[in-house]
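Below you'll find the structure, written out as structure tokens, and then a few comments.
The values are calculated or read from the model by the stated rules, or taken from the named source; none is laboratory data. Just so you know, these numbers come straight off a predicted model, no measurement behind them. Cβ sites come from the backbone with ideal geometry, for glycine too, and all protein chains shown count toward neighbours. Areas reflect the complete protein model, heavy atoms only, side chains present, ligands, DNA and RNA absent. Shrake-Rupley method; radii C 1.70, N 1.55, O 1.52, S 1.80 Å.
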Amino acid sequence: DSGVTQTPKHLITATGQRVTLRCSPRSGDLSVYWYQQSLDQGLQFLIQYYNGEERAKGNILERFSAQQFPDLHSELNLSSLELGDSALYFCASSVEGGLAEETQYFGPGTRLLVL
Amino acid sequence: DQQVKQNSPSLSVQEGRISILNCDYTNSMFDYFLWYKKYPAEGPTFLISISSIKDKNEDGRFTVFLNKSAKHLSLHIVPSQPGDSAVYFCAAIEGYSGGGADGLTFGKGTHLIIQP
């Protein structure tokens, strides 16, 4: 158990819909990362938040957005869903998130299926 | 364009022998490398890492070797045990530049199967 929690575990929805994925980082961790794992692309970095502020952006689509709240939990919002958005979405956390050598601890993931 | 490549989707090794997982990268700005292990239905778990200023890092049965000139790293597991059966991801990251470190760039993973 990494200490990072993600809800829900599974989500099934239809194209065009909007969903929200939730992540609670490990106690004391200020930085949250979102990753998408699809069959053909592997694990892709989406976005990072540190203490409520966006810190780094990866391959995140404009239809996707995220935020980190004062209690440090984070939400990833996916809108206008397409079939290709079906994937595993992982959240990770680290203490600060500003150093390459900081270990990122991953949650169990949310499996999204868009029908 | 895949910046981190794991060219072997799967690898089968006999229990007790050495497992060698390979990883190549193309981005010369990467200065820190990590290996993650992933079991089904779980998130990736950090295994071992290495800074680009080193060429070897050892932690128990796990050793990571880095060859910067070849842009290649490898993970050695000795001796291999049944519990090592998992998917292993190689990951890389560029160092902190004042604007925040980017997220990890992952390879597609190698499924290691340890046979009894």
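So the values come out like this:
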| read-out | value |
| --- | --- |
| Peptide B:45-54, shielding by other chains (average Cβ, 10 Å cutoff) | 2 |
| Computed label-point distance, nm, for sites B:Gln3 and A:Arg18 using a 7 Å Cα→Cβ extension | 3.1 |
| Using distinct alpha-carbon pairs, which all enter the 1/r mean, Kirkwood radius of the protein assembly as shown in Å | 18.0 |
| Fraction of alpha-carbon pairs over 21 Å apart in segment A:1-109 - percent | 29 |
| Protein heavy-atom accessible area occluded, A/B pair - total, 1.4 Å probe, Å² | 1700 |
| Carbon plus sulfur fraction of accessible area for the protein assembly as shown, probe 1.4 Å, in percent | 48 |
| Formal net charge of residues neighbouring A:Ala92 (Cβ-Cβ distance under 12 Å; K, R +1; D, E -1) | -1 |
| Straight-distance crosslink candidates among aspartates and glutamates, where the alpha carbon sits under 18 Å from A:Lys9 and sequence neighbours closer than 8 are dropped | A:Asp1, A:Glu75, A:Asp85, B:Glu42 |
| Charge-dipole axis of segment B:11-116 as Lys and Arg at +1 and Asp and Glu at -1 on Cβ define it, positive-most pick from B:Ala41, B:Val13, B:Thr63 | B:Val13 |
| Highest to lowest packing among B:103-110, B:19-26, scored as the average C-beta count within 10 Å | B:103-110, B:19-26 |
| Contour excess over end-to-end distance, with Cα ends at A:Asn51 and A:Lys9 and 0.36 nm allotted per residue | 12.6 nm |
| Solvent-accessible area per residue for segment A:21-77 (1.4 angstrom probe, square angstrom) | 46 |
| Chain A - charge dipole about Cα centre, Lys and Arg +1 at Cβ, Asp and Glu -1, debye rounded to 20 | 340 |
| Ordering of B:52-64, A:57-69, A:20-32 by burial proxy (mean other Cβ atoms within 10 Å per residue, highest first) | A:20-32, A:57-69, B:52-64 |
| About the Cα centre, charge dipole magnitude for the protein assembly as shown (Lys/Arg +1, Asp/Glu -1 at Cβ), debye | 460 |
| Per-residue SASA entry for B:His72, accessible area with 1.4 Å probe, Å² rounded to 10 | 50 |
| Cβ-defined net charge surrounding B:Ala41, 10 Å radius [Lys, Arg +1; Asp, Glu -1] | +2 |
| Restraint check, B:Lys5/B:Lys37; B:Lys38/B:Lys71; A:Lys57/B:Lys71, Cα-Cα greater than 22 Å | B:Lys38/B:Lys71; A:Lys57/B:Lys71 |
| Heavy-atom surface of chain B, accessible at 1.4 Å and reported per residue (Å²) | 48 |
